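Data first, discussion second: the structure below is written as C-alpha cells.
All of the numbers you see were taken from the coordinates with simple rules; none came from a lab. For clarity, every value in this text was computed on a predicted model and none was experimentally measured. Here the Cβ positions follow ideal geometry from the backbone for every residue, glycine too, while neighbour counts run over all protein chains shown.
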Amino acid sequence: MTIEAMMPEFDCWLDRRHGRVSFHLTQLFTGHGCFSAFLYKLRKLDNPRYTSCGGAISDTADHTWRICSRWEINRSELVEIIGPDLSLRGIVHAMLRGERDWNAVSSFANNVMCIKEEEERAREGILPDPHLIFPPDTQEELAQLDNEID
C-alpha cells in the first residue's frame, strides 16, 4: 500500500526540500509498529483488535489514520490542516504540498505512535523510561526541533 501511495508522486517525494521521515511516520506508512494487527501477526497478541476504541475492528495503520475513535481529536486537528482525504495517497499528496502539511502529518504520527508505544509497554509490564522524551505538542516546537537537528 505504501508503494502504491507514493509511486504517483515519487519524483516529487525525492525532490522535496522539506520534511524528514521519522520512525513513527514510517510505522504509520508501513503498518509495522504497535498496531494490534501487526503484533498479532508476530504472535505477541491473541487477537488483532484494539481495545481502546471498543475492539470491534482490527487495529491497523489505516484504522489509526482514518477510523479509530481513540484518535478523533488528533485526527480532527490533522484534517483541519491537510484536508479530509486520509487515504495513504491523500496523506502523501498533502505532505508534498509544503512544510506546514508535512509537520501536521508528522506531528499526528509522533503523538499517536508514542501513546500506542506506551500502551504496548504497559501491556508488556515494562516500566516507562523516566528519560523518555515525548513528542512536542505543537507544530512550532516540532519545527524548532527540526532546525536544531539540522
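Charge dipole (Cα centre; +1 on Lys/Arg Cβ, -1 on Asp/Glu Cβ; no other charges) of segment 1-81 amounts to roughly 360 debye. Which whole number in µm²/s is D for segment 48-112 by Stokes-Einstein, with the Kirkwood Rh taken over Cα pairs at 20 °C and 1.002 mPa s? Taking Rh from Cα pairs, D becomes 178 µm²/s. Karplus-based coupling profile of segment 68-81, in residue order and whole Hz: 3, 5, 4, 10, 4, 5, 4, 5, 5, 5, 5, 4, 4, 8, with θ = phi - 60° in 6.51 cos²θ - 1.76 cosθ + 1.60 and x standing for Gly or Pro.
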